[in-house]
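One structure is given here, and the rest of the page talks about it.
The values are calculated or read from the model by the stated rules, or taken from the named source; none is laboratory data. Since this is a predicted model, take the numbers as computed values, not measurements. Cβ sites come from the backbone with ideal geometry, for glycine too, and all protein chains shown count toward neighbours.
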Amino acid sequence: MAMKVSLFAVLMVIMSGYKQQENLFFTDSGHVEFSSDAPLEYIQASSNELAGILNINDLSFSFTVPMVSFQGFNSALQRTHFNENYIESEKFPNSTFNGKIIEEIDFASPGTYHIRAKGLLNVHGVDNDKIIRCTIQVETGRISVESSFKVPLDEHKIKIPSIVQQKIAEVIDVSIRFEMEPMNP
Amino acid sequence: MRKYYASLLILLLIISYNVSAQSLEDMLNRKLEESSEPEYTIATFKTGRIINGHSIENPEQGDLLFLVSHRFGTLNTGFYNFFGLDNSSTRLGLAYGISDRFSVGFGRATYQKTWDGYLKYKILRQQSGGSGMPFTMSLVLAADINTLKPVDLEETYTLTNRMSYVSQLLIARKFGPKLSFQITPSYIHRNLVERRIDQNNIFAIGAGARFKISNRVSLNAEYYYLLPGQSANDYDNSFSIGFDIETGGHVFQLHLTNSQSIIERGFITETSGRWLDGDIRFGFNITRVFGLQRKSIK
């Protein structure tokens, strides 16, 4: 009797693990673009290394992007300053967004959905509650997401020195788009 | 007994729930670690010069660097000479990044009316992850031409008489966000020297360091030691200390040095001036970076 119960318990643990994997969608090549529109300078950069997991059962997600992967800028030196002086990428290598989708979506039925993702956005080591509106397109075996949102720099303690205040915007425009596919365990 | 097993089962179910609901973020990070690429160290120094000598930094592809350098007279020439500020020696230079690792530069200095040019190539890059290379190593190959008219107008000098060549290996390591250190073994060859006892071939070892005081200000120091020889007897080792102040596209370097010349052959092998005697000069470099090539956004 004892053996049967413990065997059953072990099976439950193993099976719950397997069941978990079927509900995870993954990407590691998502596109993130940001722009700073200031009176004296316009700066634009983008990355193709946005990675994330979405659990379509409980609607939770986790996303991360390495800050050193951003390219573009108006000069290579500007990119170095972005990492060294503003984002401090050595201390805070990634920006992350973890949370849950507010709306109850049935990922089994294909279609286009407008949803709000609620979670903690961490940039420069500073967390901020954020609700980000996204457009999700659900197809069998693929989930495509697009979104645009704004990030105020002082919410994440990114300081703009007074000498360059006219060259860096206080609020950065960010847009993302990515496609997720079922995750291989 | 049955109660015991029932509670064990419940406990196992609770554990299994916790295990399978492990943080999505941890799962993501573990998955990404499987395919991690090396991260190259950036910004070991704020600009391509520590003070007088080269640092392993070079302009990235498409960036044009404009460097204006001033060295003044010595402080011990007193107030009448405004502590040396009345006597100024300058260099104007440009450097361009052909690739992220390879750059070329040239310039002209007041000192002996010298034109100089150099090639700089980053051979090894310090990285975390990947091969874990612990330092960055660059090679500088420079040549300079002294274009002074001879004092004795009957003497003529050929082009090669006027030339000197400098080869330097720059080996630097960034120890954390604030401290960087560089060693610079150097070899200088002068085609024509004044006296028979003067060295045509001179070896020296440079050492440079920078300590970041704030995000935009760092304290730099640099020393070049001449290996024993006639030059080491006749001249002094170059020692400089100063601040780097970086403001977006400019880096201002303000320093005190005992070297008047701004070219390698000059400040390494021909420095006359002893710190303890007050032969200290104020000097500054201003670097401005122009991004000539916008990197395309994919």
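Limited to segment B:102-143, what total is found for residues that are more than 30 Å from residue B:179 (Cα to Cα) and in a loop (DSSP other than H, G, I, E, B)? Steps first, answer last, please.
Let us first name the residues in segment B:102-143 that are more than 30 Å from residue B:179 (Cα to Cα), namely B:108-116, B:143.
Then drop every residue that is not in a loop (DSSP other than H, G, I, E, B), which leaves B:110.
The total comes to 1.
In segment B:11-40, the residues that are more than 9 Å from chain A (Cβ to nearest Cβ) form Cβ pairs under 9 Å with partners that are assigned to a loop (DSSP other than H, G, I, E, B) and at pLDDT 85 or above, at six or more places apart or across chains, as follows: B:38/B:125; B:38/B:133.
Among the residues of segment A:1-36, those that are modelled with pLDDT under 95 and acidic (Asp, Glu) comprise A:22, A:28. Screening segment B:162-180 for residues that are touching a residue at least 24 places away in the same chain (Cβ under 8 Å) and hydrophobic (A, V, I, L, M, F, W, C) and picking the one that is surrounded by the most Cβ atoms within 10 Å (Cβ to Cβ) gives B:170. Yes or no: segment B:245-252 includes at least one residue that is in contact with a Phe, Trp or Tyr (Cβ under 9 Å, 6 or more places away or on another chain), over 22 Å from residue A:86 (Cβ atoms) and surrounded by 15 or more Cβ atoms within 10 Å (Cβ to Cβ). No, segment B:245-252 contains no residue that is in contact with a Phe, Trp or Tyr (Cβ under 9 Å, 6 or more places away or on another chain), over 22 Å from residue A:86 (Cβ atoms) and surrounded by 15 or more Cβ atoms within 10 Å (Cβ to Cβ). Of all residues in segment A:136-185, those being surrounded by 13 or more Cβ atoms within 10 Å (Cβ to Cβ) and touching a His at 6+ places or on another chain (Cβ under 9 Å) number 8.
Scanning segment A:128-177 for residues that are within 14 Å of chain B (Cβ to nearest Cβ), in contact with a Ser or Thr (Cβ under 9 Å, 6 or more places away or on another chain) and at pLDDT below 95 gives A:161, A:163, A:164, A:167, A:168. For segment B:144-176, the set of residues classified as aliphatic (A, V, I, L, M), assigned to a strand (DSSP E or B) and either within 15 Å of the chain's Cα centre (by Cα) or more than 14 Å from residue B:113 (Cα to Cα) (or both) consists of B:166, B:169, B:170, B:171, B:172, listed by residue number. Where strands (runs of 3 or more DSSP E) fall wholly inside segment A:92-185, the ranges with 1 or more residues that are closer than 22 Å to residue B:25 by Cα, hydroxyl-bearing (Ser, Thr, Tyr) and without any contact (Cβ under 8 Å) to a residue 40 or more places away in the chain are A:94-101, A:142-152. Against the criterion of being of a type in the set (Ser, Thr, Tyr), more than 22 Å from residue B:117 (Cα to Cα) and in contact (Cβ under 8 Å) with a residue 40 or more places away in the chain, residue B:47 does not qualify.
Does segment B:144-167 hold any residues that are more than 22 Å from residue B:181 (Cβ to Cβ) and of a type in the set (A, V, I, L, M), and which are they? Please lay out each step first, then the result.
The first filter runs over segment B:144-167 and keeps only residues more than 22 Å from residue B:181 (Cβ to Cβ), leaving B:144-165.
Within segment B:144-167, B:145, B:148, B:151, B:153, B:159, B:163 meet the criteria.
Would you pick out the residues in segment B:217-239 that are within 18 Å of residue B:179 (Cβ to Cβ) and surrounded by 16 or more Cβ atoms within 10 Å (Cβ to Cβ)? Those that are within 18 Å of residue B:179 (Cβ to Cβ) and surrounded by 16 or more Cβ atoms within 10 Å (Cβ to Cβ): B:218, B:220, B:221, B:222, B:223.
Picking from B:62, B:73, which residue would you name as being surrounded by 15 or more Cβ atoms within 10 Å (Cβ to Cβ), over 17 Å from the mean Cα position of the chain (by Cα), modelled with pLDDT under 95 and under 18 Å from residue A:77 (Cα atoms)?
Values: B:73 fails: under 18 Å from residue A:77 (Cα atoms).
After ruling out the rest, the residue left standing is B:62.
Does residue B:183 satisfy the criteria of being modelled with pLDDT of 95 or more, surrounded by fewer than 18 Cβ atoms within 10 Å (Cβ to Cβ), in a strand (DSSP E or B) and out of contact with any Ser or Thr (no Cβ under 8 Å at 6 or more places or on another chain)? So residue B:183 fits the description; yes. Take the residues in segment A:70-91 that are assigned to a helix (DSSP H, G or I) and of a type in the set (D, E, K, R); name whichever of them is farthest from the other protein chains (Cβ to nearest Cβ). Of everything passing the filter in segment A:70-91, A:79 is farthest from the other protein chains (Cβ to nearest Cβ).
Would it be correct to say that residue B:49 is touching a Lys or Arg at 6+ places or on another chain (Cβ under 8 Å), modelled with pLDDT of 90 or more and not hydrophobic (A, V, I, L, M, F, W, C)? Considered against the rule, which asks whether it is touching a Lys or Arg at 6+ places or on another chain (Cβ under 8 Å), modelled with pLDDT of 90 or more and not hydrophobic (A, V, I, L, M, F, W, C), residue B:49 comes out as no.
State the number of residues belonging to segment B:133-161 that are touching a residue at least 60 places away in the same chain (Cβ under 8 Å) and out of contact with any helix residue (DSSP H, G or I) (no Cβ under 9 Å at 6 or more places or on another chain).
Residues of segment B:133-161 that are touching a residue at least 60 places away in the same chain (Cβ under 8 Å), as a first pass: B:136-138, B:140, B:142, B:144.
Keeping just the survivors that are out of contact with any helix residue (DSSP H, G or I) (no Cβ under 9 Å at 6 or more places or on another chain) gives B:136-138.
So the count comes out to 3.
Pick out the one residue from B:143, B:172 that is small (Gly, Ala, Ser) and more than 18 Å from residue B:188 (Cα to Cα). Talk me through it step by step, then tell me what you get.
Working: B:143 fails: more than 18 Å from residue B:188 (Cα to Cα).
Step by step, each of B:143, B:172 is checked, and only B:172 is small (Gly, Ala, Ser) and more than 18 Å from residue B:188 (Cα to Cα).
Residues of segment A:36-69 that are facing chain B (nearest Cβ under 10 Å) and either farther than 19 Å from residue A:89 by Cβ or outside any strand (DSSP E or B) (or both): A:41, A:52, A:53, A:54, A:55, A:58, A:60, A:61, A:62, A:68, A:69.
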